[in-house]
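Notes to accompany the following structure.
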Amino acid sequence: MLDARVTRIEPAAVTKVSALGIEEQRVKLRLDIVTPAEARVGLGDRFRTYVRIVTWGGDAVLQVPQSALFRQAAGWAVYTERAGRAVLVPVEIGHSNAQVAEVVSGLTEGDRVVAYPGSLIADGSRITARP
């Protein structure tokens, strides 16, 4: 794995058609490798890379899966499990991505949340954990 910094992002995307016939928007960017040269021996010109770009990070971040979140009034909420019952808990969300969201308030570490809560779950419903 190599570390790099983004130094330029092109201002416009280019539409490409994938091998499956799907139109994709692609944006060129420039990365400057910051990994020392001795740790990247064998790296050559025109190598293909898979890049993971980190836009934010933090220590000891409380997070929940996106699958547990749903809209409640003007904000977000989750169902937590307490004594075998679903409890509706409003939460404040910070940073998020496609998989997880940072919980700013509403939950504490160790709270169990219901993933993919269906329409049959309501505040006070009896629930059990699936294996």
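Annotations for the structure displayed:
- Filter result for Val17 (of a type in the set (Val, Ile, Thr), free of Cβ contacts under 8 Å to residues at least 40 places away in the same chain and more than 30 Å from Arg5 (Cβ to Cβ)): yes
- Leading residue by the ranking (nearest to Val51 (Cα to Cα)) among those in the range 20-38 that are surrounded by 11 or more Cβ atoms within 10 Å (Cβ to Cβ) and touching a residue at least 24 places away in the same chain (Cβ under 8 Å): Leu31
- Here the range 39-65 is the region considered, the condition is being aromatic (Phe, Trp, Tyr) and within 16 Å of Ala4 (Cβ to Cβ), and the residue that is surrounded by the fewest Cβ atoms within 10 Å (Cβ to Cβ) is Tyr50.
- Residue within the range 71-92 that is in contact (Cβ under 8 Å) with a residue 40 or more places away in the chain, among the hydrophobic types (A, V, I, L, M, F, W, C) and not in a strand (DSSP E or B) present: no
- All positions within the range 8-65 that are touching a Lys or Arg at 6+ places or on another chain (Cβ under 7 Å) and of a type in the set (S, T, N, Q): none
- Of all residues in the range 66-118 being within 23 Å of Thr55 (Cα to Cα) and among the hydroxyl-bearing types (Ser, Thr, Tyr), the one that is surrounded by the most Cβ atoms within 10 Å (Cβ to Cβ): Ser96
- Some residue of the range 70-85 being over 27 Å from Leu29 (Cβ atoms) and in contact with a helix residue (DSSP H, G or I) (Cβ under 7 Å, 6 or more places away or on another chain): yes
We did not get these values from a lab; they are worked out from the coordinates using the rules stated. Because the structure is a prediction, the values reported are computed rather than measured. Note: ideal-geometry Cβ built from the backbone for every residue, glycine included; neighbour counts use all protein chains shown.
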